[in-house]
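Step one of this worksheet: look at the structure below.
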């Protein structure tokens, strides 16, 4: 019986061992490069030499919440600052499905064909589980990502209000120092806190589609007040007539809003990012706006106000990060949170106790 079992065809035989697929020396080189991180001066030199790898590494440091990385990131930003502020910053927002990525690719390719260098900071929605970006805008701009005069950096929005990545403002400075003369910031979607985008760009573009019922929605009023132009996308095929009608409706709506401090009268236009029609007119409108605001000094005044705003935002952000990384704070915060949930202490008393501990413990 045992002999028959041994001869059975059902008996599992030893498989053929797979050949080594990894080159040991290559693995060693990769590990060595990871250990030997470039210094701040090396990254600054790389950025000024328009090295995209150095730029990407510097942005990663800027986005990090590690306090050691923060020191290095600040050194890089300070080294790049004298070479920044030489670009046009354009914010683009719109409801999900309006075709932001398709529009940005067509618009970006139009700009690079004119000899411009374009950096796209695409702020993706974050997964609530992994906190990573889940749309992958970079993969949806197949043509632009291969353009030598373009740089696309997707960043997870995290818990930042309005979908603007926490360090987008600093990333703009690095991209400008790397020689990019047009910075495009794509946001997650329309919301009340899209003011964060408005506070870091020179021109705010609102992307719409016809037939979505947006023309008379009062909830979008705040967004429309900020917009310097409204572009109705997907004006192709059967949608051309609808897009023209939407353009008329939006033009009527814009007359109800107060005049802008810039002296600019917002315009409405149509385009088809898919067919790449009307894209040149969008740039023409932006150029007209820039000519006006630079002639009346509004451009420089707005930049100065934005710098002051982001100084205060940076103070608030760094205080928050330092508070949460303070020794013993994690355990104390957990205990106070539990006490608040159980109704043993008020949220205000708990907050005051935590702040007292933080300030009294600081040297």
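Observations on the model:
- Just one of (1) modelled with pLDDT of 60 or more; (2) surrounded by fewer than 24 Cβ atoms within 10 Å (Cβ to Cβ); (3) over 21 Å from residue 47 (Cβ atoms) fails for residue 158. It is (1).
- Consider segment 267-281 and keep the residues that are without any contact (Cβ under 8 Å) to a residue 40 or more places away in the chain and buried (at least 16 other Cβ atoms within 10 Å of the Cβ). The one that is farthest from residue 223 (Cα to Cα) is 272.
- So residue 323, is it within 27 Å of the chain's Cα centre (by Cα), in a helix (DSSP H, G or I) and not assigned by TED's automatic domain parsing to the domain that holds residue 104: yes
- Being surrounded by 16 or more Cβ atoms within 10 Å (Cβ to Cβ) and either modelled with pLDDT under 95 or not in a helix (DSSP H, G or I) (or both) is a property that does not hold for residue 349.
- Any hit, segment 116-133, residues being over 24 Å from residue 281 (Cα atoms), under 9 Å from the mean Cα position of the chain (by Cα) and modelled with pLDDT under 80: yes
- Selection within segment 259-288 - within 13 Å of residue 231 (Cα to Cα) and not in a helix (DSSP H, G or I): 266, 267, 268, 269, 270, 271, 272, 273, 277, 278
- Residue check for residue 261: at pLDDT 95 or above and surrounded by fewer than 19 Cβ atoms within 10 Å (Cβ to Cβ): no
- Tabulated pairs, segment 239-264, first on the phi > 0 side of the Ramachandran plot, second not in a loop (DSSP other than H, G, I, E, B), C-beta under 9 angstrom, 6+ apart or interchain: 263/292; 263/293; 263/298
Let's see how each residue does on (1) out of contact with any helix residue (DSSP H, G or I) (no Cβ under 8 Å at 6 or more places or on another chain); (2) at pLDDT 90 or above; (3) outside the structural domain of residue 91 (by TED's automatic domain parsing); (4) surrounded by fewer than 21 Cβ atoms within 10 Å (Cβ to Cβ):
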position: 214; (1), (2), (3), (4): no, no, no, no
position: 219; (1), (2), (3), (4): yes, no, no, yes
position: 222; (1), (2), (3), (4): no, no, no, yes
position: 225; (1), (2), (3), (4): yes, no, no, yes
position: 251; (1), (2), (3), (4): yes, no, no, yes
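Listed here are the residues, each with its yes/no results for (1) modelled with pLDDT under 90; (2) surrounded by fewer than 14 Cβ atoms within 10 Å (Cβ to Cβ); (3) closer than 20 Å to residue 85 by Cα.
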{"site": "135", "(1), (2), (3)": "yes, no, no"}
{"site": "143", "(1), (2), (3)": "yes, yes, no"}
{"site": "162", "(1), (2), (3)": "yes, no, no"}
{"site": "169", "(1), (2), (3)": "yes, no, yes"}
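- Matching residues in segment 61-80 - criterion: being loosely packed, with under 14 Cβ neighbours inside 10 Å and in a helix (DSSP H, G or I): 67, 68, 71, 78
The values are calculated or read from the model by the stated rules, or taken from the named source; none is laboratory data. Note that the structure is a prediction, hence the values are computed from the model and not measured. Reconstructed Cβ throughout: ideal geometry from the backbone, glycine too, with neighbour counts over all protein chains shown.
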